[in-house]
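Q: Once you've had a glance at the structure underneath, I'll fire off some questions.
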Amino acid sequence: MAWGQSATSAPSLPSFNNPHNIPDLSKLVPKATDSEGVSSSLQILVLLTVLTLVPSILVMMTAFPRIIIVLALLRQAIGTPQLPPGQVLLGLSLFMTILIMSPVWHKIQAQAAEPYFESRMGQEQAMDITAGHLKDFMYRQIERAENFEDIYLFLEYAQGREMPANQPIEVATVPMTVMIPAFLLSELKTAFIMGFRIYLPFLVIDMVIATILISMGMMMLPPVLISLPFKLLLFVLADGWYLVVQTLLNSFS
């Protein structure tokens, strides 16, 4: 009898069909019933995919790699691996990248983005124009550093044949799958060369301090502990941050 009472008095379960009154998106967004609707849906999908790849595009196809590598090597050369914090270096690198890439962004916006959003240009044509401007920027940096062998390396692998060393390169015919790794390889070389030149004066200070400590018989005292104030003093007196940032900006001009 008790079992029957508990069974009849059990509370009814709530309905989970729509507990939060979420609107039905199928009524708000029309279904793609024709070819134009399907094409629009695919364009939205491609646009969202591109937005998810923006961080990778920032790292691979802009001035960001050279800037962040040089600043990181500078921090190591000074002897303060935690100062400035990584977020500060990333923020400085990001805004310097925006400043350096602004002419390219303006060209892309005027010649590709605005005509596409105003339906005066197709998606494929807009992507081709955008890729063309980015390839021009990357090729200018490779040409400035005279790292043409990087392009030859990836072109030879892509085409499966050896190319003459003096063969002229037509930027329009070079695919992005070749230009992007060639640009990254060139940027790594340039960034490490700049970092080595920045490292030299701090290395000299470390060697001088270590020699003095050894001559005084203070071999148990870490030379970095003594050289750090002198490196900071030299860097501040020389206005080091201004010089490094100026050198980075001029390297892209």
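Q: Provide the FRET efficiency to the nearest 0.05 for the Q87-Q109 pair, computing r from the beta carbons and using R0 = 30 Å.
A: Here the calculated transfer efficiency is 0.60.
Q: For region 169-212, would you read off the P(r) tail past 12 Å as a percentage of all alpha carbon pairs?
A: 70
Q: Taking every pair of Cα atoms in region 61-252, average 1/r, invert it to obtain the Kirkwood radius, and report Rg/Rh to two decimals.
A: 1.12
Q: Ok, one more. Multiply the residue gap between Y242 and L47 by 0.36 nm, knock off their C-alpha separation, and tell me the result in nm, one decimal place.
A: 66.3 nm
Q: Over region 70-155, consider all pairs of different Cα atoms and compute the Kirkwood hydrodynamic radius from their mean reciprocal separation; express it in Å, one decimal.
A: 15.8 Å is the Kirkwood radius here.
Q: When you count, for each residue, the other Cβ atoms within 10 Å and take the mean per peptide, how do 146-152, 65-71, 156-162 rank with the highest first?
A: Top of the packing list down: 65-71, 146-152, 156-162.
Q: Can you work out ³J(HN,Hα) from phi for every residue in region 109-126, in order, using Karplus 6.51 cos²θ - 1.76 cosθ + 1.60 and θ = phi - 60°, giving whole Hz and x for Gly and Pro?
A: Karplus values, whole Hz, x for Gly and Pro: 5, 6, 9, 10, 5, 5, x, 5, 5, 8, 6, 9, 8, x, 5, 5, 5, 5.
None of the figures in this text is laboratory data; all of them are computed from the coordinates on show. None of the values given here were measured: they were computed from a predicted structure. Counting neighbours? That spans all protein chains shown, and the Cβs are built from the backbone with ideal geometry, glycine included.
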